[in-house]
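Beneath this line is the structure, given in structure tokens, with notes to follow.
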Amino acid sequence: MRADERLDPQVIQQIREAIQDAGGNEVFLVGRTGGQGKISSVTVGARGTEEAVPVLGPHVEGGDAVIHNHPSGGVRPSNADLAVAARLGNQGIGFYIVDNGVEEIYVVAEPVETRETVPLDEEALAGGLSPGGALARVYPLYEERESQTRMLRQVARAFNRDEICAAEAGTGVGKSLAYLVPAVAWAVQNGERVIVSTNTINLQQQLMEKDIPLAKKVLGKDPKVVLVKGRGNYLCLHRLNEALEEMGLFEEQDPELLSIREWARTTETGSRTDLSFYPSDEAWSRVCSEADTCLGLRCTHREGCFILKARREASSARILIANHHLLFADLALRLEGSGFDDPAVLPPFRRVVFDEAHNVEKAATSFFSQASSRFTILRHLNRLYRRRKGRVTGHLPALLRGMGRSTHARKLPGLVQAVADRASDLDRVLLDVLGDEPSVLLDPPGLSRLRDQCGAEMGNVVIAIRELADAGADLLESREGAGEAGAASAAFAEDGAAPGEPGREGVELDCRLQLGRLSAIADMIDRFRMGEAGDNDIFWMEKVRSSRRARGAEPGAAASPGDQDDARDSVRLIITPLDVGPLMREAVYEPLKTVVFTSATLTVAGDFSFWAGRIGLGRSPGSSSPAADREPVLKTFPSPFDYREHVLLGVPTDAPAPDAPGHREFLSRFLARSLAASRGGGLVLFTSYALLKEMYTAVQPAMAAAGIRLMKQGDSDRARLLDAFRAERSSVLFATDSFWEGVDAPGDTLRIVIVTRLPFRVPSEPVLRARMAAIEERGGNPFGELSLPDAVVRMRQGFGRLMRRHDDSGVVLILDPRVVTKSYGSVFLESLPDARRVMAPAAEVLRDVSEFFRRE
């Protein structure tokens, strides 16, 4: 094709001059089309060599055309050209090739004309939730909620103006519909994908089963919506096949594994939730999909891969429902080089809604932390080499077949064993260092002491891993030109190598993956050894426990059936970000256009400063501007519930302080009497599991005598425990930790919530200690800036368990007198809903509680 058919004359001349200026080498240019469909303007983005030129993403956007020249004179695209054209084409970017004289042109991909953004009609959308609107017509339980329509307008504005918006929506506002209606409308009108991220499975189910269908009815539109789950929720056919082969090899029978095999033959999704039974975590961990073991294009089961099916579904959807952890996994990959225009864990997106946003800092902290333990090392080693009952399995034996008594065959088994041995040596020393402590913060002096105590052992692990990695790399390099095998190598044949491993390419790829992961672990351990802590790093370690079955038999060890379920302690080394704000800025605020945060608990005494500051939206100390480039919009939408009419908040002012004599005796008596007054239907929240068990033992006889079923966290898994609690009106649940939030038991099931102690986190927690120390170092107040507001948010979450519908009612009791005796207690009380309050001696509080339930 002649160049003047697609390029204006002045553009041709500009390109010729750019090529001449580059000495005839390749030049990367960006062209923009004019009214006739021709390129009417062009800018130079980069200059290269005779053979290549970098294509720089920041210069290009949808609707542009990338133009580059072939100094050789031909315009036929190379394979590299086609790969770049495919990637850019998926972003709507064209790809042209010209000769150096700009006489000829080859159009590999046409630019896609950019769509003009269609703004949302805020008033029209709000009208859908108003009296006489679409919601009133399709939803029988409709009631007007002013806060809901106000929030909808704010979210719609955030989409229209590319804003960062935080919306605190009290219980009963109907926040899900308030953000879903504009999100769905935007996706339909503008063809853009919107991600809705939550912290809990319960909310995801509510969105998929109730709220999204309702939003679609309100709008009269039906875009595709997909619930996206992490890899670990899906069956991996390759890993299932490996587990079954191993089971047969060692002449064992695993009923769970056999049941999963039968299910795998018929399941369409491969999702764990579709199983007719609930497999144990240990069984599922052997067969679920993992990034570390995925063979990608080389997998023989690729055609039936459930992860690929799920990703194809997601790529065709306009609304994706994900969890915070999965979203941060996606964002981390994009920061590592995937960019924001190509698929990573999720398809590309620029607009996101974070629901349950009070957990964003926790989710980001968890995901952006690095961790390693002996168990982690053994897990990777077992993929490479594992001996059990005289049999050898793993990828190294498969690669060594046909190589006879080669150097690799003699050397590698010993190197694998050396890593396992050195990791065990380090683990023993670290356990001694920890002693009875569950976890330890390693500040600079702590890192120095750790180096003195076990620097040699850490160095030995690093050396052993790097020697194995080097030897593995040599083996893989030597295999590149080798043909496929004959007999197994003598070194492994003596132990009986297992048949049926995956194909050579798949084994090599997985081998590289495991060696790469081990090398990353070595680098991390070396940072501990050298004390290389950055300004935003928290170094710490904690004790963890695992069964042998969960971690797998050790390399070179002959595990017998009798010791497969023994449990032992190990130490996990962890590097956690001190402040997630910079990560949030780089991963969320800068690249994304619309970011909406929402939760019922984002403020402390009506102020967003604590939450916003923790995730990089607040003003940095000593700065007059927020950490994010855009000024966030922070709005509160109050609950429509009449708490004063429906809820009694009681505080026994004569209760002993938690550390005072007689506190436990008071607690057991008061719990028994208040739960008897409510006739069960209670959620009792603790901050310590030890105190929970003590109170359970103390109160159980009185509850049994009153016909009240008493349950406690730990009796079953969370989901089953909550199902049992909801099913029995007179039951009482003692719980801690995660039960402070996410418990939804509307109606008569939950009538009384008792908070046994103000929910301050244990100040010895390493991450909390490090963050408090950082605040103190800059002259701040760690208690007032972190401990107190964090506890207030947790208290608000606990209080919120009671009233879930407008006709719910009940009692909230706070049995910690500090809420009225300490100056900071007012911060808690000011942050709670305006319920009817009784702050009086215990006898008077109990009298009012009894009277409340008699009236009910």
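The values are calculated or read from the model by the stated rules, or taken from the named source; none is laboratory data. This structure is a prediction, so every number in the text was calculated from the model and none was measured. All Cβ positions, glycine included, derive from the backbone under ideal geometry; neighbour counts span all protein chains shown. Surface areas here come from the heavy atoms of the whole protein model, side chains and all, with no ligands, DNA or RNA. Shrake-Rupley method; radii C 1.70, N 1.55, O 1.52, S 1.80 Å.
The table that follows gives values for the structure above.
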quantity: Only one of ARG794, ARG804 that is in contact with an Asp or Glu (Cβ under 9 Å, 6 or more places away or on another chain), within 16 Å of THR601 (Cβ to Cβ), part of a loop (DSSP other than H, G, I, E, B) and of a type in the set (D, E, K, R); calculated: ARG804
quantity: Tabulated pairs, region 798-824, first within 20 Å of LEU667 (Cα to Cα), second polar (S, T, N, Q) and in a loop (DSSP other than H, G, I, E, B), C-beta under 8 angstrom, 6+ apart or interchain; calculated: LEU815/THR756; ASP816/THR756; PRO817/THR653; VAL820/THR653; THR821/THR653
quantity: Selection count, region 514-532, where residues are open to solvent by less than 50 Å² (accessible area, probe 1.4 Å) and either closer than 20 Å to HIS380 by Cβ or modelled with pLDDT under 90 (or both); calculated: 11
quantity: Helices (runs of 4 or more DSSP H) contained entirely in region 811-856, each with at least 2 residues that are more than 14 Å from ALA655 (Cβ to Cβ) and modelled with pLDDT of 95 or more; calculated: 825-831, 842-855
quantity: Matching entry among VAL345, VAL392 (being among the β-branched types (Val, Ile, Thr), at pLDDT below 90 and closer than 22 Å to GLY57 by Cβ); calculated: VAL345
quantity: Every residue from region 1-20 that is touching a residue at least 40 places away in the same chain (Cβ under 8 Å) and surrounded by 15 or more Cβ atoms within 10 Å (Cβ to Cβ); calculated: ALA3, ARG6, LEU7, ILE12, ILE15, ARG16, ILE19
quantity: Every pair of residues 6+ apart whose Cβ atoms lie under 8 Å, when the first sits in region 53-73 and is touching a residue at least 24 places away in the same chain (Cβ under 8 Å) while the second is open to solvent by less than 30 Å² (accessible area, probe 1.4 Å) and of a type in the set (Ser, Thr, Tyr); calculated: ALA65/TYR96; VAL66/TYR96; ILE67/TYR96; HIS68/TYR96
quantity: Hey, LEU788 open to solvent by less than 70 Å² (accessible area, probe 1.4 Å), under 31 Å from the mean Cα position of the chain (by Cα), under 18 Å from HIS358 (Cα atoms) and without any contact (Cβ under 8 Å) to a residue 24 or more places away in the chain or not; calculated: no
quantity: Region 299-332, residues that are at pLDDT below 85 and either closer than 25 Å to THR200 by Cβ or buried (at least 17 other Cβ atoms within 10 Å of the Cβ) (or both); calculated: CYS299
quantity: Test result for ARG150, assigned to a helix (DSSP H, G or I), in contact (Cβ under 8 Å) with a residue 60 or more places away in the chain, charged (D, E, K, R) and surrounded by fewer than 20 Cβ atoms within 10 Å (Cβ to Cβ); calculated: yes
quantity: Flag for GLY23 being open to solvent by less than 30 Å² (accessible area, probe 1.4 Å), part of a loop (DSSP other than H, G, I, E, B) and not β-branched (Val, Ile, Thr); calculated: no
quantity: Some residue of region 247-258 being surrounded by 14 or more Cβ atoms within 10 Å (Cβ to Cβ) and either under 30 Å from ALA185 (Cα atoms) or of a type in the set (Gly, Ala, Ser) (or both); calculated: no
quantity: Which listed residue, of GLN713, GLN700, is farther than 16 Å from LEU815 by Cβ, under 33 Å from the mean Cα position of the chain (by Cα) and polar (S, T, N, Q); calculated: GLN713
quantity: SER176 more than 28 Å from ILE615 (Cβ to Cβ) and surrounded by fewer than 24 Cβ atoms within 10 Å (Cβ to Cβ); calculated: no
quantity: Residues located in region 79-127, provided they are in contact with an Asp or Glu (Cβ under 7 Å, 6 or more places away or on another chain) and either small (Gly, Ala, Ser) or assigned to a helix (DSSP H, G or I) (or both); calculated: ARG87, GLY94
quantity: Check on ARG837, closer than 19 Å to LEU683 by Cβ and surrounded by fewer than 20 Cβ atoms within 10 Å (Cβ to Cβ); calculated: no
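Here is a yes/no grid of residues against (1) in contact with a strand residue (DSSP E or B) (Cβ under 7 Å, 6 or more places away or on another chain); (2) surrounded by 15 or more Cβ atoms within 10 Å (Cβ to Cβ):
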| site | (1), (2) |
| --- | --- |
| ALA704 | no, no |
| GLY707 | no, no |
| ASP717 | no, no |
| ARG720 | no, no |
| PHE725 | yes, yes |
| SER730 | no, yes |
| LEU733 | yes, yes |
| GLY742 | no, yes |
